[in-house]
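Data block below; observations after.
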Amino acid sequence: AQVWNAADLEARWGGWWEQQGVFRPLDDGSKPRRYVLDMFPYPSGDLHMGHAEAFAMGDVVARYWQLRGYDVMHPIGWDSFGLPAENAAIKRNAHPAEWTYKNIETQKASFKRYGIAVDWDRELHTSDPEYYRWTQWLFLQFHARGLAYRKNSPVNWCPKDQTVLANEQVVDGACERCHTLVTKKALNQWYFRITDYADRLLDDMSQLEGKWPERVLAMQRNWIGRSQGAHVKFVIDDAPGSAGQREVTVFTTRPDTLHGATFFVVAADADLAKELVTQDRAAELDAYREQVKALSDIERQSTDREKTGVFLGRYAVNPLNGEKLPVWAADYVLADYGTGAIMAVPAHDQRDLDFARSFDLPVRVVVETEDEDPAVSGVATAGEGRLINSGALDGLSKAEAIARAVELIEQAGTGEATVNYRLRDWLLSRQRFWGAPIPIIHCDSCGEVPVPEDQLPVRLPDDLRGEQLAPKGQSPLAAASDWVNVACPSCGGAAQRDTDTMDTFVDSSWYFLRYVSPNDDAAALDPEAVRRWGQVDQYVGGVEHAILHLLYARFFTKVVHDLGLIEHTEPFDRLLNQGQVLNGGRAMSKSLGNGVDLGEQLDEFGVDAVRLTMVFASPPEDDVDWADVSPGGAQKFLARAWRLAQDVTSSPGADAATGAVDVRRATHRAVADAASSLENHKFNVVIAKTMELVNALRKAIDSGAGAADPAVREGVEAVAILLSLVAPYTAEDMWHTLGHNDAVLRAGWPTVDESLLVDDTITAVVQIKGKVKDRLEVPVEISEAELQERALASQVIKDLIGDAPVRKVIVRAPKLVNIVI
Ligand code: ANZ
Ligand code: ZN
């Protein structure tokens with residue numbers, strides 16, 4: 001007798017789908033299109049449990065849509081630039097490409113074994129010159145529109161990786177990759193002007209409400225951090241150098257509290273602090289600035305640190321009341337938020353109050369609330385109340401006073417209403433090798449010259465290896481003089497290539513547009529093809545990308561839209577964040593020693609059982625604890641399901657309507673429930689329903705209707721189709737055993753007969769003048785009216801009544817109808 005054996009099934013069907021082009025979209029307009037995408041993997045080694053979970057979930061969606069008759073595009077590729085490859089190359093005296101492409105081969109083989117329904121013909125690698133040529137081209141489009149620019153400023157520097165980091169890559173003050181504490185360094189760096197898009201990035205979130213996880217939207221909103229407020233100009237008394245008329249603007253969200261300002265603070269690390277300080281205090285400031293350098297933004301803003309600062313010896317004049325406020329430099333004010341300077345209102349801002357108490361500065365309440373005096377309690381008040389001590393603003397509410405204060409400063413020409421963002425421009429240059437070179441040439445006479453488009457790609461040299469790639473604080477490319485020194489494309493004089501490479505998040509900000517025409521060597525993307533496919537309908541990936549990747553991809557999409565190349569303005573219509581795979585309730589890690597090797601799991605239980613276990617464990621958003629699941633149990637279930645197909649004896653196409661009704665009910669109920677569970681992303685429930693159906697069918701075969709019943713065949717075919725969502729090898733084998741030659745994924749979703757969904761029916765008797773004449777199968781919860789209607793519609797009854805007038809109808813739902821004629 002044949003038995004279910006995972007290895008046999010994998011050997012039998014592996015490679016077959018690709019040969020048959022089952023996962024290749026037709027793209028001929030014969031069916032509505034759907035685009036499903038999993039966040040592409042970084043080829044760090046072999047597949048791991050995390051990939052296995054994420055891709056199992058994305059595959060359920062892709063397969064379901066294909067079964068429902070959509071033309072599904074489900075591509076895959078590799079985010080193949082990045083530091084790990086470079087670090088491995090340094091260690092092994094190799095080129096990063098060697099490590100990268102070898103890993104890709106390994107992972108690719110595992111993905112194929114894993115049986116995901118992706119179209120391998122669209123595979124792309126961001127580190128291929130054919131790809132990064134277009135990343136560079138896009139950079140040049142940004143550059144031409146002023147959206148890519150260079151500036152000198154203090155940037156986040158990872159001392160270990162010896163490269164700069166975007167704000168988004170600093171987590172709790174440390175490098176997100178190596179966890180080294182990040183410091184600041186002044187450098188001339190490339191930025192993308194994402195701040196120009198801040199409003200649109202916020203406003204367009206209305207397109208994503210209800211389709212993206214709310215927490216992701218909240219994180220993006222918070223990261224962009226729009227705050228409504230005002231710019232207010234303060235004149236610095238006796239300012240150095242500028243004939244006493246130096247103005248400094250502050251950003252405040254509380255212009256109503258202008259009269260409560262008792263001192264003024266500039267960020268200690270801002271140039272402004274050095275410019276304003278009086279001679280006698282300069283040394284003290286310098287020492288303080290050294291101290292501040294070592295601190296991360298998080299530490300600087302921490303509320304439980306003792307406030308520190310240096311008086312600069314100057315005074316700022318309050319434009320509303322002419323008061324002179326002492327100017328301090330402190331670390332709790334950040335150089336790159338707002339204007340880097342604030343008016344301090346200790347009565348109503350806790351940070352200012354802490355500072356005032358450390359340095360004995362006055363506290364003046366200007367909004368009267370029920371709360372205790374902040375000078376006494378040490379707690380600043382932020383609630384509603386009437387304005388006091390505020391001249392023309394006295395008696396107004398907080399909201400009225402904000403509006404009035406803005407009017408006053410606008411009239412006086414000393415400020416205006418403004419919106420401020422927490423979002424900073426995206427620092428994209430990196431002093432590392434394994435990334436797309438920035439396609440700019442620096443010429444002493446011409447300045448920044450874009451590399452002409454017909455000279456793209458600017459290829460990475462392939463002769464640098466090992467130690468030559470080691471981080472030195474500047475890009476390893478700087479040492480490759482043959483590569484660096486070129487003729488200026490504009491004047492022909494001696495010039496140098498930019499030696500920085502792009503943040504790998506640039507590569508991943510547009511790959512979803514490339515999949516649509518991955519081999520196009522005439523353009524980055526094909527606008528016509530993108531129009532056909534539109535947005536990614538379903539994006540699947542980890543919540544760790546809630547800000548970085550998703551924000552950048554949204555930004556790129558808007559810019560590419562503005563370039564006139566695409567119609568849509570948001571890249572991903574729906575987003576699903578799959579959970580993590582844990583072991584023993586904790587994330588798998590080397591230090592805990594609780595790692596589970598995917599390859600070993602696949603060898604032991606087979607692909608289908610592992611996939612089924614992942615999906616069955618919980619809804620896709622929830623974590624899976626591998627210590628609590630049973631791939632062995634999944635195997636037993638698959639074997640049981642598979643055996644059903646072996647047992648069926650009726651022929652394909654047999655008319656199920658002639659079969660046992662209870663079996664049909666079980667089948668149609670399971671299919672209908674599976675569909676609604678799939679639409680609601682309860683993939684685990686689909687498996688539970690399939691298990692129930694398998695049990696019902698086994699019972700039917702072993703007793704009653706038997707293996708020859710066409711209703712049993714209908715049920716077993718449904719099992720194969722449902723299982724094809726998660727257990728492709730078992731499902732395909734069942735389908736062929738059942739006598740089909742084409743792929744199960746092409747079977748189409750079973751059509752549900754609604755009348756079979758009525759679970760509980762009862763036999764109602766229809767009488768004429770008290771004598772039973774007919775019987776009707778009706779739902780138990782049928783209404784009186786409906787039952788009467790059905791009784792009168794019965795052919796038997798109609799014939800018996802003939803032309804006789806109906807005098808009376810007595811209805812006792814659901815069991816009896818008595819007709820009096
Ligand atoms: C006076 C004031 C009075 C403020 C008051 C608040 C409450 P959000 O909402 O985060 O935008 N601020 C401005 N620039 C700053 C910087 N570079 N570093 C640290 N703090 C800065 O915060 C805006 C408020 O944070 C501003 O409004 C300013 O303090 C402070 F009762 O101005 B406020
Ligand atoms: Zn030149």
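The values are calculated or read from the model by the stated rules, or taken from the named source; none is laboratory data. Computed from a predicted structure; not experimentally measured. Neighbour counts are summed over all protein chains in view; Cβ atoms, including those assigned to glycine, are modelled from backbone coordinates with ideal geometry.
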Note on region 758-783: residues at pLDDT below 90 and charged (D, E, K, R) are Asp759, Asp760, Glu777, Glu781
Can you tell me which residue in region 62-98 is nearest to the chain's Cα centre (by Cα), limited to those that are at pLDDT 95 or above, surrounded by 21 or more Cβ atoms within 10 Å (Cβ to Cβ) and assigned to a helix (DSSP H, G or I)?
-> Ala62
Among the candidates Val333, Val327, which residue alone is farther than 16 Å from Thr257 by Cβ, more than 12 Å from ligand 1 (Cβ to nearest atom), surrounded by 23 or more Cβ atoms within 10 Å (Cβ to Cβ) and modelled with pLDDT of 95 or more?
-> Val327
Using the structure shown, decide if Gln468 is surrounded by fewer than 20 Cβ atoms within 10 Å (Cβ to Cβ) and assigned to a strand (DSSP E or B).
-> no
Restricted to region 336-366, and to residues that are outside any loop (DSSP other than H, G, I, E, B) and touching a strand residue (DSSP E or B) at 6+ places or on another chain (Cβ under 6 Å), which residue is surrounded by the fewest Cβ atoms within 10 Å (Cβ to Cβ)?
-> Ala341
Sort out for me the helices (runs of 4 or more DSSP H) sitting completely within region 713-805 that have 1 or more residues that are in contact with a Phe, Trp or Tyr (Cβ under 9 Å, 6 or more places away or on another chain).
-> 728-737
If we keep only residues of region 238-263 that are more than 30 Å from Ser397 (Cα to Cα) and surrounded by 15 or more Cβ atoms within 10 Å (Cβ to Cβ), then the residue farthest from the chain's Cα centre (by Cα) is Ala239
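Filter region 122-136 down to the residues that are of a type outside the set (Ser, Thr, Tyr) and closer than 16 Å to Phe505 by Cα, then identify the one that is surrounded by the fewest Cβ atoms within 10 Å (Cβ to Cβ). Talk me through it step by step, then tell me what you get.
First, the residues of region 122-136 that are of a type outside the set (Ser, Thr, Tyr): 122-125, 128-130, 133-134, 136.
Adding the requirement that they be closer than 16 Å to Phe505 by Cα leaves 124-125, 128, 133-134, 136.
On the way: Leu124: 21, His125: 22, Asp128: 16, Arg133: 18, Trp134: 21, Gln136: 25.
Going through the qualifying residues, I end up with Asp128.
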Region 414-441, residues that are farther than 24 Å from Trp157 by Cα and either within 16 Å of ligand 2 (Cβ to nearest atom) or more than 31 Å from the chain's Cα centre (by Cα) (or both) = Thr414, Gly415, Glu416, Ala417, Ile441
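If you go through region 522-550 one residue at a time, how many are of a type in the set (D, E, K, R) and touching a residue at least 24 places away in the same chain (Cβ under 8 Å)?
3
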Enumerate the helices (runs of 4 or more DSSP H) found wholly within region 585-683, keeping only those where 1 or more residues are exposed (fewer than 14 other Cβ atoms within 10 Å of the Cβ).
-> 598-605, 631-647, 661-679
Whichever residue in region 485-504 is surrounded by fewer than 20 Cβ atoms within 10 Å (Cβ to Cβ) and part of a strand (DSSP E or B) and, among such residues, is farthest from ligand 2 (Cβ to nearest atom) = Asn485
Given the conditions (1) surrounded by fewer than 21 Cβ atoms within 10 Å (Cβ to Cβ); (2) part of a strand (DSSP E or B), report the number of the one that Glu306 does not fulfil.
-> (2)
Restricting attention to region 505-558, the residues that are of a type in the set (S, T, N, Q), closer than 21 Å to Leu217 by Cα and not in a helix (DSSP H, G or I) number exactly 4
So which residues in region 790-821 are loosely packed, with under 11 Cβ neighbours inside 10 Å and closer than 24 Å to Val661 by Cβ, if there are any at all?
-> Ala793, Gln795
